[in-house]
1. Of the residues 292, 279, 283, 321, only one is of a type in the set (Ser, Thr, Tyr) and crowded, with 16+ Cβ neighbours inside 10 Å; which?
2. From the list 94, 73, 58, which residue is within 15 Å of the ligand (Cβ to nearest atom) and surrounded by 14 or more Cβ atoms within 10 Å (Cβ to Cβ)?
3. Give me the residue from segment 81-127 that is under 29 Å from residue 205 (Cβ atoms) and not in a strand (DSSP E or B) and, out of that set, nearest to the chain's Cα centre (by Cα).
4. Can you name the residue in segment 248-283 that is of a type in the set (Gly, Ala, Ser) and farther than 16 Å from residue 340 by Cα and, of all such residues, is nearest to the chain's Cα centre (by Cα)?
5. What residue, of 252, 260, 276, is of a type in the set (Phe, Trp, Tyr) and in contact with an Asp or Glu (Cβ under 9 Å, 6 or more places away or on another chain)?
6. Determine whether segment 152-169 contains at least one residue that is in a loop (DSSP other than H, G, I, E, B), crowded, with 19+ Cβ neighbours inside 10 Å and not assigned by TED's automatic domain parsing to the domain that holds residue 307.
7. Could you list all residues from segment 222-231 that are surrounded by fewer than 16 Cβ atoms within 10 Å (Cβ to Cβ) and either among the aromatic types (Phe, Trp, Tyr) or part of a strand (DSSP E or B) (or both)?
Amino acid sequence: MIDDRGENVDTLIIGSGFAGATVARILAERGEKVKIIEKRPHIGGNCYDEYDEYGILVHKYGPHIFHTNDQDVFEFLSRFTSWYDYQHEVVGNVYGKIIPIPFNLNTLMIVFGEEKGQALKQELIDTYGENARVPILELQKSSSQGIQEVAQYVYENIFLKYTMKQWNQKPEEVDQSVTARVPVLISYDNRYFQDKYQGMPKDGYTKLFERMLDHENIDIELSKDAKEDLTFDFENHKIYYLNQEFKGKIIFTGAIDEFFDNRLGQLPYRSLRFDFEHYPQDYYQSKGVVNYTVSEDYTRITEFKYLTGQLCQGTTIIKEYPEVYKDNRQVPYYAILNPENIMMHQKYVDLMKPFENFYLLGRLAQYKYYNIDGIVKAAIDLTKQF
Ligand code: UDP
């Protein structure tokens, strides 16, 4: 296929977040000519970062912290960045009291006091084992009175109001995998993630993406809605790119419902509004992220300097306000996982199945709750099929 610049294209990739960029790099290194079409005026998807007017590196679409246990993923990304060794810690603000989140044995002692805390700790260890990770909905099933007391505290002070803000649903109503992301930890580890590899790209995510996409076989077109250049013949299952039949691969990483004008229904998402604030002091809060688990309309405040290790005067924070996703003037951040929505998404998958060489990949296209490493892994795995 020859594109409008007179160049060959073997693979078209819609979107330049971690899904698109990973596939692009791997295929380009195999000698394929790759063309990326990106709707936004920049690469990097929601991980895009930039310096704000005060010279502070901020994540424009909300905080993204890398962590993985997957050595292949870590090694692949490490080709394009070195890392700032950031071990992410989160605290909750519970009626003014600051407690480590996930709820762990340190939190237990703060909340219940040493004496009672030690007894509860023993019971937790005897029941679940040292270093266990127990989802709140699991903890609630315990018949022990002591563990019930812990579960009730965690449910009411950490999960209930935060989850209502984030999802407009109770913890037991959202898909279990969502609250299980933040289990109760039977250990004194205050870190949010226990993965083997964690950190932040030393020069930021955007630089990582720039290096990943800097390859002679990769061509990127920014500020371009792929809808304008692609047409689908649903009767004959042919795809046209710039009015010519396209027989190469297409890796689609955007929102599939929006791309096809919601023809099989609009997939529900949760969105976020971000308020950035700058302060002249060195630091605003005690950790990179403070979750507001019982109060405020926002869910959490992130202070970027902790995440990036940047040393400079002044500090920039971001407050996250969850919103209903209405239309594409917002960003569809989170798929709302329930049987009905997953079925609707499956209809889009089925719609595209007869198109050979059309692949859906990533948080939006697959309507999944992926972390960065999960997306990179899925992208690496996809390229193994080719
Ligand atoms: N959650 C909560 N309170 C917290 C942290 C998390 O209720 O202090 C719940 C909430 O439902 C949230 C989910 O756990 O959506 C997953 O949290 P995580 O921090 O993994 O969300 P993400 O960073 O992906 O937005």
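The values are calculated or read from the model by the stated rules, or taken from the named source; none is laboratory data. It should be emphasised that the depicted structure is a prediction, and the values quoted were computed from it without experimental measurement. Cβ: placed from backbone, ideal geometry, glycine included. Neighbour counts: every protein chain shown.
1. One residue alone meets the criteria, 292.
2. Values: 73 fails: within 15 Å of the ligand (Cβ to nearest atom); 58 fails: within 15 Å of the ligand (Cβ to nearest atom).
Selected residue: 94, the only one of 94, 73, 58 that is within 15 Å of the ligand (Cβ to nearest atom) and surrounded by 14 or more Cβ atoms within 10 Å (Cβ to Cβ).
3. The residue in question is 88.
4. So the residue we want is 271.
5. Of 252, 260, 276, the one residue that is of a type in the set (Phe, Trp, Tyr) and in contact with an Asp or Glu (Cβ under 9 Å, 6 or more places away or on another chain) is 276.
6. Just the residues of segment 152-169 that are in a loop (DSSP other than H, G, I, E, B), to begin with: 168-169.
Now narrow it down to the ones that are crowded, with 19+ Cβ neighbours inside 10 Å: none.
The answer is no; no qualifying residue exists.
7. The answer is 231, and nothing else.
A quick yes/no check of all residues on (1) closer than 16 Å to residue 47 by Cα; (2) within 16 Å of the ligand (Cβ to nearest atom); (3) surrounded by fewer than 19 Cβ atoms within 10 Å (Cβ to Cβ):
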residue	(1), (2), (3)
329	no, no, yes
336	no, yes, no
339	no, no, yes
342	no, no, yes
357	no, no, yes
371	yes, yes, yes
380	no, no, yes
386	no, no, yes
